[in-house]
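K.L.:
My questions all concern the structure below.
Every number here is computed from the coordinates shown, using simple stated rules; none is lab data. The model shown is predicted, which means the values in this text are computed figures rather than measured ones. Backbone-built Cβ (ideal geometry, glycine too); neighbour counts: all protein chains shown.
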Amino acid sequence: LASIFRHSRTSHEPGRLHTFAQGLLEELVQIVGADWFLLRLVSGDHSQLEVFAATDASLYLAPLPLMSGQQICAELEAALTRQEVWFDTRTPDGTIDPIARARPATQGVVHPFYAGEILLGTLTVGRGVSQSSTLDPKTATVFTAGQASVIRTLTDFLAIQVVNSRQHEEQIHAHALARELEIANEI
C-alpha cells in the first residue's frame, strides 16, 4: 500500500502515466522478488497489445495483434481468456514466444486487466529459474500466494490509473476543442 500511495501522487499529473507505471512496477518487482516486468497496453485502435513499460530495453518487444486464428502466447491467452496465465519458458509445449526469446529460462505470471468488459492490457512478471526448478501450472509456485495477491492488487490499481489518465486526456482534448470552437464562433 505504501508503494501505491507513494506513486499515486504523480499519476494525476497530465502525461505522467508512464512515470507512475514504471515506478510502481519497479517497486512491485522488489516486493515480490521478481527479476523483471513487462506492461502492455491496448493500442488506441484496440487492434494490438503494445509495450508501455518494462524493466529494461530488451523487453520492448513487438506488438501482439489481438486477432483470433494466430499462435497464442501466454500474454494473448491471458488477455483473451480474462484469466491469469502462469508460464515456464522452458516447457516445450508452452507457447510464450516473445518472452521466451527475450527472457529464456524464466517463469512467471501474466495478469490481464480490464475496465468492465474492455481490455486495457496485461502485466507480465517473471523471475529467472535454475534448470533444476520446475513450475507446476496447477499450483503456480513461482510466486507465493501472498506475492501473487500483491501482483493482482497493484495491477488492478494500475488499471484504475490507466482509465483515469485516459479520461483526463479526453477531457483536456474536449476542452481544447470547445475553446477552438468558441474562438471560431467569435470570429
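K.L.:
Quick one: which residues, 5 or more positions from TRP36 or on another chain, have an amide H under 5 Å from its amide H? H modelled 1.01 Å from N in the peptide plane, none for Pro or chain starts.
P.N.:
When sequence neighbours closer than 5 places are left aside, the close amide H contacts are GLY126.
K.L.:
Continuing with the same structure: Would you please put 54-62, 119-127, 175-183, 155-163 in order of how densely packed they are, using the mean number of other Cβ atoms within 10 angstrom per residue and starting with the highest?
P.N.:
119-127, 155-163, 54-62, 175-183
K.L.:
Rounded to the nearest 0.05, what FRET efficiency do SER149 and HIS46 have when you use their Cβ-Cβ distance and R0 = 25 Å?
P.N.:
0.30
K.L.:
Something else now. Say R0 is 45 Å: what FRET efficiency, to the nearest 0.05, do GLU117 and GLU186 get from their beta-carbon distance?
P.N.:
0.60
K.L.:
At THR81 and GLU27, where each label point lies 7 Å from the Cα along Cα→Cβ, what is the point-to-point distance in nanometres?
P.N.:
Using points 7 Å along Cα→Cβ, the separation is 3.2 nm.
K.L.:
Further question: Would you mind calculating the gained length between ARG179 and TYR60 on full extension (0.36 nm times residue separation, minus the Cα-Cα distance), in nm to one decimal?
P.N.:
Using 0.36 nm per residue and subtracting the Cα-Cα distance, I get 39.1 nm.
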